[in-house]
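First up is the structure itself, then whatever we jot down about it.
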Amino acid sequence: MHMASRMRPRGARLAAAAAVVGLGVIGAQSATGATQDEPVSTPVPISTPEGQISSYVINTKIVSPGQVRKVERAVQSAGGVVVQSWPQIGVVVAHSTKADFRTTVVAEARNAVESVGPTRSVAVSEGTPAGAQAPWGPGKGQLKKALTKKGDVSEGTAATSTDPREGEQWDMQMINVPQAHQITTGSPDVTVGVLDSGIDPDHPDLANQIDRASSVGCTDAGRPATGESAWAPTTSDHGTHVAGTIGAERNGVGIVGIAPGAKMASVKVVNDDGFIYPEYAVCGFMEAGLKGMDVTNNSYYVDPFEFWCGDQPEQAPALEAVRRAVDWSTKQGTVHAAAAGNSAYDLSNKTTNASSPNDGTSVERTINSSCKDIPTELDGVVTVSSIDRQGKLSSFSNRGLGSIDVAAPGSSILSTIVRDNGWGLKSGTSMASPHVAGVLALMKSAHPTWGPEKMISELRSQATDTPCSSTTRGAACVGTPQENSYYGDGIVDAYAAVR
């Protein structure tokens, strides 16, 4: 078992050493996180033609309301519209139909801009929010479904009776949830933000578990919106399945979640086409911090890049904006769990990638250590790999020595689904991460004074040491039973978290 002092710093710390040149961050080694002996990542030019509604994030050099206001004025002077500002982190989300917006806004803001970059490789499909008062009207961009993110697999299952189905929840047995429930099932003062596709508001296992006042939708170009229509699921039951694992009610029907005594907020960051763009994720993390959520679960990577490269001027600004939002919410007391990803990829040995951008034309590209799967590879985020019923690494799971924090069950997990207010099986690191979020909710309930750093260190030190296993895909396991590339510090333990 490893103790708190072994927490690994991860993620590109872009803000400190970067300089603005034209479109974005041009960086020294300290800005990108890449080492000198690595190849530069492959550029992926993003076209923002005249007349197309394109979305951008702009990061201020100094985080202050005054600098944000200066950038807001520059956006308007450059022919853009401010969609959303986050003065707490010095980030402005803007839309523009001007082809030269990026260079013009830098010139207009003079020295206030650290970096500016696009958030998508295509037009804004949802248009510009009416409240932003865009001169070009709401409009619609080109709609394209997201490429299927590897490994999230749904399998149908039907209940054989109306009795509780806890006996089918092998995952809960594996991580000692029944033992933990003898001590606590979670406190109603603890809230888990489910950053996902929405939580079914009338599912019998979830309806009483949702903190509706804290729930929010972020898919209207990154502008937060309240009300059930903003945060309820529309085209995906992914968030509903995740929520069931975290906190399905003990109520005599269906299943029981890890922390049924806690509350969940639906933070919708997945749009109807299946994309989680940077401005959606920034909104989600900021709202989690603003509303005092104790834990977030993040079973996704931020589109359209599976890996955002810190040495690329068009990708580094969005990477930095999300990093700032995660860091700020952590400082407000929110601890984050995130899926490691489903590409059977070694996160500690990045070489190539062919899945991005997934909203336009994907290209084969060289990547390096500055290229981050976000949010899971950002500092202070618990990176979770997936294991199966036998305790082996799931074949689809990402891995990496020094990249994985803990492992949790993620193969054929029974949880809540939208169809018929029922239950079903899904597989993916998306299913592993909510196990950790649920355990963190129990931990916060048992130890309410603990902050994010203490919780992460305890989570890792309490995890069950697990020796390397074999897998049918991807890089072989390396490391010791105490820490290796498949399990990190071990398999998460709910009982240990509440003792």
Item to check | Of all residues making up region 237-251, the number that are open to solvent by 40 Å² or more (accessible area, probe 1.4 Å) and among the polar types (S, T, N, Q) | outcome: 1
Next on the checklist: Here's a check for you: in region 393-430, which residue that is open to solvent by 10 Å² or more (accessible area, probe 1.4 Å) and of a type in the set (A, V, I, L, M, F, W, C) is nearest to Ile175 (Cα to Cα)?
Outcome noted: Leu425
Item to check | The lone exception for Ala441 - which of (1) at negative phi; (2) in contact with an Asp or Glu (Cβ under 6 Å, 6 or more places away or on another chain); (3) open to solvent by less than 10 Å² (accessible area, probe 1.4 Å) it fails | outcome: (2)
Checklist entry - Within region 463-475, how many residues are open to solvent by less than 50 Å² (accessible area, probe 1.4 Å) and farther than 15 Å from His435 by Cα? => result 5
Checklist entry - Quick check: is even one residue across region 324-347 in contact with a Leu (Cβ under 9 Å, 6 or more places away or on another chain), over 30 Å from Ala265 (Cβ atoms) and among the acidic types (Asp, Glu)? => result yes
Next on the checklist: I'd like to verify a number: residues in region 461-499 that are closer than 28 Å to Thr449 by Cα, in contact with a Phe, Trp or Tyr (Cβ under 9 Å, 6 or more places away or on another chain) and either of a type in the set (D, E, K, R) or free of Cβ contacts under 8 Å to residues at least 24 places away in the same chain (or both), how many?
Outcome noted: 1
Next on the checklist: Here is a list: Val492, Val478, Val436, Val498. Which entry is buried (at least 20 other Cβ atoms within 10 Å of the Cβ) and more than 24 Å from the chain's Cα centre (by Cα)?
Outcome noted: Val498
Checklist entry - If you go through region 384-430 one residue at a time, how many are among the hydroxyl-bearing types (Ser, Thr, Tyr) and in a strand (DSSP E or B)? => result 5
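Every residue, every condition in (1) closer than 17 Å to Ser397 by Cα; (2) touching a strand residue (DSSP E or B) at 6+ places or on another chain (Cβ under 8 Å), yes or no:
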site	(1), (2)
Glu287	no, yes
Met293	no, yes
Cys309	no, yes
Ala316	no, yes
Thr330	no, yes
Leu347	yes, yes
Asn358	no, no
Ser362	no, yes
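The values are calculated or read from the model by the stated rules, or taken from the named source; none is laboratory data. The model shown is predicted, which means the values in this text are computed figures rather than measured ones. Positions of Cβ are backbone-derived with ideal geometry, glycine not excepted, and every protein chain shown enters the neighbour counts. The protein model used for the area step is the full one, side chains on, heavy atoms only, and it has no ligands, DNA or RNA in it. Shrake-Rupley method; radii C 1.70, N 1.55, O 1.52, S 1.80 Å.
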